[in-house]
Every structure is written in C-alpha cells, then in structure tokens.
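Report on the following structure.
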2 protein chains.
Amino acid sequence: MIGHHPEPDQIKLENVLTALGHPMRLAIVRELAGGGERACGTVLSKEIAKSTLTHHWRVLRDSGVIRQRPSGREHLLSLRREDLEQRFPGLLDSVLAGVESDPESVDRYAP
Amino acid sequence: MIGHHPEPDQIKLENVLTALGHPMRLAIVRELAGGGERACGTVLSKEIAKSTLTHHWRVLRDSGVIRQRPSGREHLLSLRREDLEQRFPGLLDSVLAGVESDPESVDRYAP
DNA sequence: ACGTCAGTACGACTTCTGTCGTACGATCCG
DNA sequence: CGGATCGTACGACAGAAGTCGTACTGACGT
C-alpha cells in the first residue's frame, strides 16, 4: 500500500519546510538530488530501523517533497523537483546548496 | 532577560527550516520582511497569549532567523536578512515569495 | 510451493512542541 | 511613588513527532 501524494497546487509551504527541518530527511533529499529514482533501501545508512525510514518517507511524501512509486518489490523514490520549483521557485535549490555547504549534521545518515 | 542569538556561521539549516515550518512563525517573518524593527506586541494578532508569542520569539531567535533587542520596555524584532542571505543565499527570498503566493494559512495571525 | 527480500502497518514508548495561566521584572508616566 | 504596560519565566498540559520491535503483505527466484 502506498500513501498519498498531494497535487502540485496543494503543496503547502509550511509542510515542505517542516519536512525539510530534520537532518535525516535533509540527508534523504540530498541523496535524491542527483536525479533519477532510488529504491528506499539504498538511500540511507543500513543502521536505521526500517520502520523509522517508513515514517520519514511518509512525511516527505505527504508534504510533496518526494514521489514514491512501486516497482516490483521495491519502492522507487524521486525528488519532485519540477513541482516544487513551480510552486516555490528557488526554494529547493537554496536548501540543497545549504546542505552542501554544511553537510556535517547530515553525513552520519549517508549510506 | 534576552536569550541567545547564534553567530552567523553557527546558524544551522535544519533549525532555520524547522523554525519556518510553522504558520504562526511564517506570519511573523512575513510581517518583519518589510524591514526595520517592530515591537513584539505589534507583530501579530492580540488574540494570542503573550506566553505563546514568547515561545515563538525564542524559536526564531535561537535558530537565527530574527534578532531581538531591548529598547525601553519593549523588545524590538528584526529579520536577520543579511546573515541568512550570506549563510543560505536565496533561501529567505524564496520562502517569503512562497508565503505571499499563498497567504491563507498565515493570514489569521495577522494583527 | 517455499523461502527470501523490500517495504509497510501497527503498537509502544520517549521526547519535543505548542498553548495557556499565572507570577514576575523592568520601564515608563502621571 | 504608584499604577499601567511590555515582555519573560515557570509550570502544566495535550498532542505531535521520532524511534524501534514485531508482524505482515506482496513480489521475486529457485
């Protein structure tokens, strides 16, 4: 079962900012920023409990930051770049630049 | 007594995003975006309990989004535009643009 | 069909947030 | 000085958020 993705015009700024306001989720977004799709299991460190990851997928999905698509027995994740860019121009880029400029608090989650 | 303001290079992205990820605080930032200083009591609706406001001043101050300066019996608030711009270029501008593009969830806090 | 693998669902638990009421300290003004 | 005003401090409380273990579903490979 896969949860709910908001339509582009239903994406709420406060939800996006809340979703991005957590180092683990920033790490996820950073990993996905390269483009393309990644399976859930390949995005972050294996140390993290799967149910914890599921929780964060939901937050990012419900806020409109990522898209989640089933493919075989995997779920592929991707950044909703165009939707976010259309809705909040420049926001995602400046956040990504910010993460790169100070990756400390995010690195420990890397795979 | 006035709390702690982080140095510009200690401003953490995740804290800024968390601070901005709340409609009431977005409303505050929006009010301060005009520039200059405003007394605490003039920024939002009078309906809100003063202790609640104090809580949000703290969140915004500790994250580095606003500066708070005593002046007589008032505390003057201002946006830390330059510091944020230097640390996370473009971020604040795109957030402010986002608020203006959809002020619904924020309007009810206006004074 | 069977076991394995990817991810979710659910429940438990702890911590963090948001809100408020009340009490306090500092400042201004008559 | 005495009273009013601005904001903080503290304590209480409900609800949300984050983490995990366990159980489960669905798809794959043999």
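Within region A:38-68, being touching a Pro at 6+ places or on another chain (Cβ under 9 Å), of a type in the set (Val, Ile, Thr) and buried (at least 17 other Cβ atoms within 10 Å of the Cβ) holds for one residue alone: A:43. In this structure, does residue A:71 turn out to be under 21 Å from residue A:6 (Cβ atoms), of a type outside the set (A, V, I, L, M, F, W, C) and exposed (fewer than 15 other Cβ atoms within 10 Å of the Cβ)? So residue A:71 does not fit the description; no. Here residue B:48 meets the list (1) within 12 Å of DNA strand C (Cβ to nearest atom); (2) within 13 Å of another protein chain (Cβ to nearest Cβ); (3) in contact with a Phe, Trp or Tyr (Cβ under 9 Å, 6 or more places away or on another chain); (4) of a type in the set (A, V, I, L, M) almost entirely, failing just condition (2).
Taking the listed residues B:3, B:35, the one that is assigned to a loop (DSSP other than H, G, I, E, B), away from DNA strand D (no atom under 16 Å from the Cβ) and exposed (fewer than 15 other Cβ atoms within 10 Å of the Cβ) is B:35, with no other qualifying.
Among the residues of region B:80-100, are any under 21 Å from residue A:19 (Cβ atoms), surrounded by 12 or more Cβ atoms within 10 Å (Cβ to Cβ) and of a type in the set (Val, Ile, Thr)? Yes: region B:80-100 contains one or more residues that are under 21 Å from residue A:19 (Cβ atoms), surrounded by 12 or more Cβ atoms within 10 Å (Cβ to Cβ) and of a type in the set (Val, Ile, Thr).
Just give me the residues in region A:51-107 being within 16 Å of DNA strand D (Cβ to nearest atom), more than 10 Å from chain B (Cβ to nearest Cβ) and of a type in the set (A, V, I, L, M), in sequence order. Of everything in region A:51-107, those that are within 16 Å of DNA strand D (Cβ to nearest atom), more than 10 Å from chain B (Cβ to nearest Cβ) and of a type in the set (A, V, I, L, M) turn out to be A:53, A:59, A:60, A:65, A:66, A:76. Summed over region A:10-27, residues that are away from DNA strand C (no atom under 12 Å from the Cβ) and touching a His at 6+ places or on another chain (Cβ under 8 Å) total 2. Taking first residues from region A:93-111 that are touching a residue at least 40 places away in the same chain (Cβ under 8 Å) and partners that are polar (S, T, N, Q), the Cβ contacts under 7 Å between residues at least 6 apart in sequence or on separate chains come to A:109/A:45; A:110/A:45; A:111/A:42; A:111/A:45. Scanning region A:1-28 for residues that are within 11 Å of chain B (Cβ to nearest Cβ) and not charged (D, E, K, R) yields a total of 15. Just one residue in the set A:67, A:58 is more than 19 Å from residue B:102 (Cβ to Cβ), basic (Lys, Arg) and assigned to a helix (DSSP H, G or I); that residue is A:58.
State the number of residues belonging to region B:70-93 that are touching a Ser or Thr at 6+ places or on another chain (Cβ under 7 Å) and part of a loop (DSSP other than H, G, I, E, B).
Filtering region B:70-93 down to residues touching a Ser or Thr at 6+ places or on another chain (Cβ under 7 Å) leaves B:88-91.
Those still in the list that are part of a loop (DSSP other than H, G, I, E, B) too: B:88-90.
Total satisfying the criteria: 3.
For residue A:43, the requirement of being within 16 Å of DNA strand D (Cβ to nearest atom) and closer than 17 Å to residue B:88 by Cα is not met.
Rule-based calculations on the coordinates, nothing more; no lab input. What you see is a predicted model, and the numbers here were worked out from it, not measured in a lab. Glycine also receives a Cβ, built like all others from the backbone with ideal geometry; neighbour counts cover every protein chain displayed.
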